[in-house]
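Visitor: Below: one structure in structure tokens.
The values are calculated or read from the model by the stated rules, or taken from the named source; none is laboratory data. No experiment lies behind these values; they were computed from the predicted model shown. Quick reminder, even Gly has a Cβ in these numbers, built from the backbone with ideal geometry, and neighbours come from all protein chains shown. The accessibility values were calculated without ligands, DNA or RNA, using every heavy atom of the protein model including side chains. Shrake-Rupley method; radii C 1.70, N 1.55, O 1.52, S 1.80 Å.
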2 protein chains.
Amino acid sequence: MLLTMRPIGYVRSPHREALDVPRGLGAEHHAEGVLELLPEYEAGLTDIEGFSHLYVLWLFDRSEGFELVPVVPADDRPHGVFASRAPRRPNPIALTVVELLGRDGARLRVRGVDMLDGTPILDIKPYLSSVPPEKLRRGWLAEAEERKKREPA
Amino acid sequence: MLLTMRPIGYVRSPHREALDVPRGLGAEHHAEGVLELLPEYEAGLTDIEGFSHLYVLWLFDRSEGFELVPVVPADDRPHGVFASRAPRRPNPIALTVVELLGRDGARLRVRGVDMLDGTPILDIKPYLSSVPPEKLRRGWLAEAEERKKREPA
């Protein structure tokens, strides 16, 4: 299946290369950046200011191929690619939740970027509801966190 | 930019056509369905059982073209496509959070499907954390809900 994907814009990020992005257990993303839409898509942002958080779908444009059971930074044991956020996926689409800080025309200032500078943006969607924390189970990631706590420092 | 997207599988859903899917204000999705991965991707599900919720990225394969400021079922006023979940988007990728009920090999039984039967799946990711409800603002959607409450029944 061939699909024409058009970048709707690009990320401006303080992260220049993959090693700049916090990774692994407990990594937090507080970096601020800008989602710069192409001028022809600006109208699509109408009324977006009212939302505090957005989903950003973007392209892992600097990774190639895919691995079904990769080892990821958060653990020394391999896990399925669909049970992880590893970049080398059958369809290299990434998903990040960002906080919307403000809008200037076609530019959205956001907090929480884990993308590299220049990353192509595929879509933006409003974040509408959360899974309640008491209903959430986090599988191997929670186990890896527990193991790390028990390790001698 | 031409990207080769490969469906990793297909959704089995009780919804046969768009009108079967609950839409508009207060619509809730409790329908159960199955994410049927192609056998060659089954290894990518390793350890997914430990997660209670998943992101499913899928293709709006039955919509064509896009509209930047559509009218959507939740409101009688138009809003930007990136401030909505409207299907006619520049890149027709959809995002749904589902609850994982169980796995049989390459089949994931899930709750919360709002996809049509036969929908191509592009990616599955673990749902790792939520935005706390007290930090969430829902813009025009919250306003449309308020207006509806004030309307005479």
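Visitor: At what distance in nm do the modelled label points of A:Arg6 and B:Glu143 sit from each other, each positioned 7 Å from its Cα along Cα→Cβ?
Guide: According to this spin-label approximation, the distance is 2.8 nm.
Visitor: What does the average come to when, for each residue of peptide A:116-125, you count the partner chain Cβ atoms lying within 10 Å of its Cβ? Display every interim value, and only then the final one.
Guide: Values: counts 0, 0, 0, 0, 2, 2, 7, 10, 5, 10.
Mean shielding count: 4.
Visitor: Oh, and also: Once the label point is placed 7 Å from Cα along Cβ, list for A:Arg88 the distances to the corresponding points in the other copies, in nm, shortest first.
Guide: Computed spacing set for this position: 4.1 nm.
Visitor: Next question, about the same structure. Between region A:1-41 and region B:1-52, what is the C-alpha centre distance in whole Å?
Guide: 25 Å
Visitor: Let me ask another. Based on alpha-carbon centroids, what's the gap between region B:97-134 and region A:86-122 in Å, whole number please?
Guide: 21 Å
Visitor: Still on this structure: With the full set of protein chains in place, find how many percent of the accessible area of the protein assembly as shown is carbon and sulfur; take the probe as 1.4 Å.
Guide: Taking all protein chains in place, the protein assembly as shown shows 50 percent carbon and sulfur surface.
Visitor: Could you grab the relative contact order for region A:13-153? Cα pairs under 8 Å, six or more apart, rounded to a whole percent.
Guide: Reported as a whole number, the value is 35 percent.
Visitor: With the Cα gyration tensor of region B:34-153 in hand, give its eigenvalues times 5 under a square root as the equivalent ellipsoid semi-axes, listed largest first in whole angstrom.
Guide: Three semi-axes, in Å: 31, 19, 12.
Visitor: Residue by residue through region A:89-99, what is 3J(HN,Hα) from phi via Karplus (6.51 cos²θ - 1.76 cosθ + 1.60, θ = phi - 60°)? Round to whole Hz and write x for glycine and proline.
Guide: Coupling constants for region A:89-99: 10, x, 10, x, 9, 10, 9, 9, 9, 10, 9 Hz.
Visitor: What are the label-to-label distances in nm, one decimal and shortest first, from A:Val71 to the same spot in the other copies, with labels 7 Å along Cα to Cβ?
Guide: Result for A:Val71, in nm, nearest copy first: 5.8.
Visitor: Let me ask something else. Taking amide H positions as placed in the peptide plane 1.01 Å from N, state which residues far from B:Asp75 in sequence (5 or more) or on other chains have amide H under 5 Å from it.
Guide: none
Visitor: Hey, another quick one. Run the numbers on region B:71-94: which residues show a drop of 40 Å² or more in accessible area, chain on its own versus all protein chains together, using a 1.4 Å probe over heavy atoms?
Guide: Flagged in region B:71-94: B:Phe82, B:Ala83, B:Arg85, B:Pro90, B:Asn91, B:Ile93.
Visitor: Run the quick spin-label model on B:Ala27 and A:Glu49: label points 7 Å from Cα toward the beta carbon, then report their separation in nm to one decimal.
Guide: Inter-label distance under the simple model: 2.8 nm.
Visitor: Shape verdict for region A:48-98, please, from the Cα gyration tensor: rounded (a/c under 1.5), prolate (a/b greater than b/c) or oblate.
Guide: Prolate, since a/c reaches 1.5 and a/b exceeds b/c.
Visitor: Angle between the Cα long axis of helix B:139-150 and the longest principal axis of chain B, 0 to 90 degrees, nearest 10?
Guide: Relative to chain B, helix B:139-150 is tipped by roughly 60 degrees.
Visitor: Considering the rotational relationship between chains B and A, which residue of chain B contributes the beta-carbon of minimal distance to the axis, and what is that distance to the nearest Å?
Guide: Measuring from each Cβ to the axis, the minimum is at B:Ser130, 2.
Visitor: If you don't mind, there's one more thing I want to ask. Per residue, how much accessible area does the protein assembly as shown have with a 1.4 Å probe, in Å²?
Guide: I get 48 Å² per residue for the protein assembly as shown.
Visitor: Which percent of Cα-Cα pairs in the protein assembly as shown sits in each 10 Å bin, short to long?
Guide: Using 10 Å bins, I get a P(r) of 6, 27, 37, 24, 6, 1, 0 for the protein assembly as shown.
Visitor: Evaluate region A:1-100: find the radius of gyration of its Cα atoms, find its Kirkwood radius, and give the ratio Rg to Rh.
Guide: 0.99
Visitor: Right, another one. Can you list the residues, at least 5 places off or on another chain, whose amide H is less than 5 Å from the amide H of A:Leu3, using H built in the peptide plane?
Guide: Here the answer is B:Leu3, B:Met5, since their amide H atoms fall under 5 Å of that of A:Leu3.
Visitor: Same structure again: Projected area of region B:110-153, taken from the Cα convex hull and averaged over every viewing direction, in nm²?
Guide: 6.0 nm²
Visitor: Sticking with this structure for a sec: To the nearest hundred square angstrom, how large is the accessible surface buried between B and A, total for both chains, probe 1.4 angstrom?
Guide: That pair of chains buries around 5800 Å² in total.
Visitor: Okay, next question. Can you give the mean number of other chain Cβ atoms that lie within 10 Å of the Cβ atoms in peptide B:28-36?
Guide: 0
Visitor: Then there is this: Note every residue of region A:135-150 with a reduction of at least 20 square angstrom in accessible area, all protein chains present versus the isolated chain, computed with a 1.4 Å probe, or write none.
Guide: Those residues are A:Lys135, A:Leu136, A:Arg137, A:Arg138, A:Gly139, A:Trp140, A:Leu141.
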